[in-house]
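The block underneath contains the structure these notes are about, expressed in structure tokens.
All of the numbers you see were taken from the coordinates with simple rules; none came from a lab. Since this is a predicted model, take the numbers as computed values, not measurements.
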Amino acid sequence: MSHDAERTPGSTSLDPVPTDGTPGPGDPVPEGARSSLYVPKGLRTGPSLEDRAFIGHPGGLPWMLQVEMWERFSWFGMRAILLYFLVDTLANGGLGLSTNTGQVVVSAYGAAVCS
């Protein structure tokens with residue numbers, strides 16, 4: 001089936017339309033050909049049933065929880081250090097803002113980053 005003048009029912013206007021007689025999107029795959037070069041036939045998309053190392057959960061869960069803990073520690077620690085920098089005196093290397101103004105700046109920064 002050639003796509004010289006027509007499109008297949010599921011194609012969009014962004015799908016390439018070959019004009020040299022090669023198969024296009026929606027054409028049946030010839031027998032013996034692989035449907036995709038990028039997806040192996042036995043692809044697993046989830047953990048195996050034998051991978052239940054942490055209280056019945058997948059073995060990667062402790063690693064993910066540890067990464068999340070250090071990410072939160074870094075985020076909240078950075079905000080505290082930023083507040084100390086903003087409200088410290090100019091003589092100590094800070095900006096010398098009032099405590100209330102420093103808290104407003106840190107809150108606005110957090111709102112801008114998290115939204």
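The figures follow:
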| item | result |
| --- | --- |
| Rounded, prolate or oblate (a/c below 1.5 giving rounded, otherwise prolate when a/b exceeds b/c) for the range 66-114 by Cα gyration tensor | oblate |
| ³J(HN,Hα), Karplus 6.51/-1.76/1.60, whole Hz, each residue of the range 80-87, x for Gly, Pro | 5, 5, 4, 5, 4, 5, 5, 9 |
